[in-house]
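Q: One structure coming up, written as structure tokens, with questions to follow.
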Amino acid sequence: MSTQTPFSVCGESLMSPMHICGFFDSKEQQYEVIIPYIMEGLAANDKVINILEGDRHGEHCRCLASNGISISEKMASGQLEILASEDTYIKGGEFTADRMHDMLEKTLLSASRAGYESVRACGDMVWALKNLPGTNELLAYEASLNVLTAKHSCSLICMYDVNSFSEDTLSEVLLTHPYVIKDGKITKNPHYLEPLVLVAGFSDFVSRPLKSS
């Protein structure tokens, strides 16, 4: 089982392990939440992982640097990793839940072996809007993370743009996260369901559009 470690999000003190759904209506709102989360993690010697579209890396690094984060130093030490969705979630042009789950698990184990007390990760889920092969596995993957995180000292924030995803998708995504960030505040999610309860309900997800109309 994992060791609990403290962390803060939206000014609230929490304990890992934690799987969080972040609903944001702008990049500005997103950064208002994740910058303090990232900065605290780096100061606490946590492993910090950011996953976002490759074409956003320049903007992302500039934002981190403007908040006093030494990108080159932290990346050279291995404490900070900024990865591309194209090399992780949709490597090879498709999403495979098992592959992504295994990659994350290996990362968590590697961080522990490297001496990090905890891992903080935030991933932008906009890749799912491309409707590439395997995207229908998204919710099953999100549900499986609750089993994985329970075994490790980590906190994961899955970031969703509420203006891009359909209401049905956001409602189903909500079922897979114990905590939710909305309007800049984090709360315990009353709609969360345990993974095994959810599995049977995912069969018709493939037929529903992820994008908002």
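Q: Within the stretch 130-161, can you find the residues that are within 15 Å of GLY22 (Cα to Cα) and open to solvent by 50 Å² or more (accessible area, probe 1.4 Å)?
A: ASP161
Q: Just to verify a result, which residue in the stretch 111-120, among those that are without any contact (Cβ under 8 Å) to a residue 60 or more places away in the chain and open to solvent by 60 Å² or more (accessible area, probe 1.4 Å), is nearest to SER153 (Cα to Cα)? I'd like the intermediate steps shown before the answer.
A: Step one: of the stretch 111-120, the residues without any contact (Cβ under 8 Å) to a residue 60 or more places away in the chain are 112-113, 115.
From the residues that got through so far, the ones that are open to solvent by 60 Å² or more (accessible area, probe 1.4 Å) too are 112-113.
Values: SER112: 9, ARG113: 12 Å.
Across the stretch 111-120, the extreme among qualifying residues is SER112.
Q: Could I ask something else about it? Only residues that are on the phi > 0 side of the Ramachandran plot, part of a helix (DSSP H, G or I) and either out of contact with any Leu (no Cβ under 7 Å at 6 or more places or on another chain) or open to solvent by 50 Å² or more (accessible area, probe 1.4 Å) (or both): list them for the stretch 74-96, please. Reasoning before the result, please.
A: Within the stretch 74-96, the first condition is being on the phi > 0 side of the Ramachandran plot, and the residues that meet it are 78, 92-93.
Those still in the list that are part of a helix (DSSP H, G or I) too: 92-93.
If the condition is that a residue be on the phi > 0 side of the Ramachandran plot, part of a helix (DSSP H, G or I) and either out of contact with any Leu (no Cβ under 7 Å at 6 or more places or on another chain) or open to solvent by 50 Å² or more (accessible area, probe 1.4 Å) (or both), then GLY92 is the only one that fits.
Q: Another one. Looking at SER16, is it hydroxyl-bearing (Ser, Thr, Tyr) and free of Cβ contacts under 8 Å to residues at least 12 places away in the same chain? Even if it seems obvious, please write down each step before you answer.
A: Numbers: hydroxyl-bearing (Ser, Thr, Tyr): yes; free of Cβ contacts under 8 Å to residues at least 12 places away in the same chain: no.
When the stated conditions are applied, SER16 does not pass them.
Q: Now for a separate question. Having 1 or more residues that are more than 18 Å from CYS158 (Cα to Cα) and either among the small types (Gly, Ala, Ser) or open to solvent by less than 50 Å² (accessible area, probe 1.4 Å) (or both) is the bar; report the strands (runs of 3 or more DSSP E) wholly within the stretch 1-72 that clear it.
A: Details: elements: 6-9, 12-15, 18-24, 47-52.
Ranges flagged: 12-15.
Q: OK, next. Restricting to the stretch 183-209, count the residues that are modelled with pLDDT under 95, of a type in the set (Val, Ile, Thr) and within 21 Å of the chain's Cα centre (by Cα).
A: Number of matching residues: 1.
Q: Would you mind telling me which numbered condition in (1) at pLDDT 95 or above; (2) under 25 Å from ALA44 (Cβ atoms) ASN146 fails?
A: (1)
Q: Can you find a residue in the stretch 129-139 that is closer than 15 Å to GLU194 by Cα and outside any loop (DSSP other than H, G, I, E, B)?
A: Looking for residues that are closer than 15 Å to GLU194 by Cα and outside any loop (DSSP other than H, G, I, E, B), one finds at least one in the stretch 129-139, hence yes.
The values are calculated or read from the model by the stated rules, or taken from the named source; none is laboratory data. Bear in mind the structure is a predicted one, so any value in this text is a computation, not a measurement. Every residue, glycine as well, gets a Cβ built from its backbone with ideal geometry; the counts of neighbours run over all protein chains shown. All accessible areas refer to the heavy atoms of the entire protein, side chains included, with ligands and DNA or RNA removed. Shrake-Rupley method; radii C 1.70, N 1.55, O 1.52, S 1.80 Å.
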